[in-house]
């Protein structure tokens with residue numbers, strides 16, 4: 001019998017059966033989602049992964065780049081990145097603000113498509129792109145995501 005006992009980090013599952021009960025914490029992608037409601041009975045030799053969508057967010061480290069500082073906030077539901085934002089963007093001049101804002105919109109779109117921090121830099125905004133990717137990766141690391 002498998003049942004969810006808590007929403008710790010990503011998901012906590014208790015497996016009852018031979019030889020003894022065990023608690024499994026599934027925190028890494030990729031994870032196969034299994035529709036789950038109530039109890040699930042399996043043979044002792046079967047491997048079962050139960051994923052309960054847990055929505056959580058983290059803010060990455062503030063990253064200094066050539067024209068300012070930024071940090072990235074990522075929201076994850078289950079194993080999917082559902083939102084990415086930049087709560088802090090401080091730049092010294094108006095032109096840098098415009099370039100960074102345009103680049104951030106493109107980077108956000110890439111992250112949601114790629115579902116990871118492995119994204120291409122935006123041409124003309126290399127420093128912003130590198131700082132964005134570094135802060136994003138730090139946020140994903142805090143959530144134990146790839």
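Values for this structure:
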quantity	calculated
Scope region 128-146; condition at pLDDT 95 or above, touching a strand residue (DSSP E or B) at 6+ places or on another chain (Cβ under 7 Å) and over 16 Å from residue 87 (Cβ atoms); matching residues	130
Hey, residue 71 crowded, with 17+ Cβ neighbours inside 10 Å and closer than 19 Å to residue 145 by Cα or not	yes
Filter result (within 18 Å of residue 58 (Cβ to Cβ) and touching a helix residue (DSSP H, G or I) at 6+ places or on another chain (Cβ under 6 Å)) within region 90-120	107, 117, 119
Residue that is part of a loop (DSSP other than H, G, I, E, B), more than 12 Å from the chain's Cα centre (by Cα) and assigned by TED's automatic domain parsing to the domain that holds residue 65, where the choices are 131, 121, 117	121
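The values are calculated or read from the model by the stated rules, or taken from the named source; none is laboratory data. Note that the coordinates shown come from a computational prediction; the quantities given were computed from them, not determined experimentally. Don't worry about glycine lacking a Cβ; one is built from the backbone with ideal geometry, like all the others, and counts go over all protein chains shown.
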